[in-house]
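Since the structure comes first, as structure tokens, the remarks are kept for the end.
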Amino acid sequence: MRADNSAHLIAAARKRSQATRDKAVRALRRLDATGRPITIETVAREAGVSRSWLYGQTDLRAEIERLHTSTASSPVQVPVRQRASDASLRSRLQAAQERVRALAAENRELREQLTAALGELRAQR
């Protein structure tokens, strides 16, 4: 009589199933972090799993649909790590405002020079 190995087979199947699920979750997180499109197709390709398997995982499918909807509604999804901080944006705004002030002052000076030059031309005629 053969030994009952069904417990080992069941354990191996559970382990494979969990490993596949972990690959899909990691792929979903990578796609979300990089701002790439999130669809069943892209997650399946990134994770190396079948689309039919993903469709069978109701919780993963719901998360994919939620993320797909949120990225589809915004024109460009910038990854969290690449988003500018508030301090960086304030610094850039301050630099731009200083540049505008400098250009406005230069513009005023050039207008005054032009006015003077046109006045001299008119006086010479």
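No value in this document is a laboratory result; all are computed from the given coordinates. Since the model is a prediction, treat every value here as computed from it, not as a measurement. Neighbour counts run over all protein chains shown; Cβ positions are idealised from the backbone, glycine included.
How large, in Å, is the chain by the Kirkwood hydrodynamic radius built from its alpha-carbon pairs?
Taking the inverse mean of 1/r over all distinct Cα pairs, the chain comes out at 20.3 Å.
Sticking with the crude label model, points 7 Å out along Cα→Cβ, report the distance from TYR55 to ALA12 in nm, one decimal please.
So the label points at TYR55 and ALA12 sit 2.9 nm apart.
Which order results if VAL25, VAL43 are arranged by neighbouring Cβ count within 10 Å, fewest first?
VAL25, VAL43
Across 10 Å bins from the origin, how do the percents of Cα pairs in region 85-125 run, short distances first?
27, 25, 19, 15, 9, 3
Please compute the contact order of the chain in relative form: average sequence separation of alpha-carbon pairs under 8 Å and at least six residues apart, divided by the residue count, as a percent.
Normalised by residue count, the contact order of the chain is 19 percent.
Give me, ordered by chain and number, the residues 5 or more places off ARG36 or on other chains with an amide H under 5 Å from its own placed amide H.
Counting only residues 5 or more places away or on other chains, the set is empty.
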